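What follows is a short report on a single structure.
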Amino acid sequence: MRQAGKARGVRPTLVILLVVAVLLALAWGGQRRLIYLPMPADVPPIDEALPGARELTLATDDGLDLDAWLAPPTDDDLGVGVLVANGNAGHRGLRAPLAEALRERGLTVLLFDYRGYAANPGRPSEEGLLADARAARAALLEATDLEADALLYYGESIGTGVVTALATEAPPGGLVLRSPFPELADVGRRHYPFLPVRTLLRDRYPLAEQLAGIEVPVTVVYGEDDRIVPPELSRQAAAAAPDLHDVVAVPGGHNDRALLDGEALVDAVERLAVAIAPPTGERP
């Protein structure tokens, strides 16, 4: 009788373990669908979204062609270019207001879409997005007279991990990190506290670890009411920068307009651009 009772007790345990194993397998296999959200949307025509900009094609080192827009300054040219790495959703058309605001401050701006986003081929991953950013940097330098140390890398949310990784191999003049995090697992644990996120994550984006070895001025901008990347995570990321130029807290949440092209954000980018700009006589 005792053995029968034990057998009955073992079966529910095995079922629970099997269910947990299946859930973990699904989390492992489907996690990139939770991280990357290339929502189907038509990118507006460039003449409507960003008049005066021109289209570029980015060639990645693994053979993909990606769409991009290059917007020249509409005011006095500071001689600084801004490479914008998007967050995990949307497309370059949604960042056109940011590009317009920055070019009015004398900056050249490159907007691009990652692989798998908008009409681009491929599937997004940490390694893939870094390859896309490499291609964007190469295209920006090739299409302009800008020097490498006159570039700002601007990362938004998950894009902060992309540009920080890029900066470890090709340092810019400065980094602007909008809503950064120490590493992606820190964000995941806030949203999925019931999962062993750090163990499961395939794409890690170890931003703070990489940032600690980057000797360029860094500006961090974050939303005071951000519920996607909580403010304390952005402050932790900022603390890892050896050369912290500025920290700007903006009222609002992760996807609020203030963190797209709000005045406080654009002012912060301009301050860092002025700090790294070449002398007037050496500008393109």
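Nothing in this text is a laboratory measurement; each read-out follows from the coordinates by a stated rule. Keep in mind it's a predicted model, so treat the numbers as computed, not measured. So basically every Cβ, Gly included, is an ideal-geometry build from the backbone, and we count neighbours across all protein chains shown.
The calculated P(r) of the stretch 36-282, using every Cα pair and 5 Å bins from 0, goes 1, 7, 15, 20, 21, 18, 11, 5, 1, 0, 0, 0 in percent. Panel order for Ile158, Ile276, by other beta carbons found within 10 Å of each beta carbon, from fewest to most: Ile276, Ile158. By the Kirkwood approach, averaging reciprocal distances over each pair of separate Cα atoms, the stretch 222-284 gets a hydrodynamic radius of 13.1 Å. Residues whose amide H lies under 5 Å from that of Val82, counting only those 5 or more places away or on a different chain, are Thr108, Val109, Leu110, Leu152; hydrogens are built 1.01 Å from N in the peptide plane.
Can you give me the orientation-averaged projected area of the convex hull built on the Cα atoms of the stretch 59-108, in nm²?
Over all viewing directions, the stretch 59-108 projects a mean Cα-hull area of 4.1 nm².
Per-residue 3J(HN,Hα) values for the stretch 152-161, derived from phi via the Karplus relation 6.51 cos²θ - 1.76 cosθ + 1.60 with θ = phi - 60°, read 10, 8, 10, x, 10, 6, 4, x, 5, x Hz in sequence order (x marks Gly and Pro). The phi torsions of the stretch 251-260, fed into the Karplus equation with coefficients 6.51, -1.76 and 1.60 and a -60° offset, translate into couplings of x, x, x, 4, 10, 6, 4, 4, 9, 9 Hz, rounded to whole numbers, with Gly and Pro shown as x.
The 3J(HN,Hα) values that the Karplus relation (6.51, -1.76, 1.60; θ = phi - 60°) gives for the stretch 235-243 are, in residue order, 5, 5, 4, 4, 5, 7, 7, x, 10 Hz. Gly and Pro appear as x.
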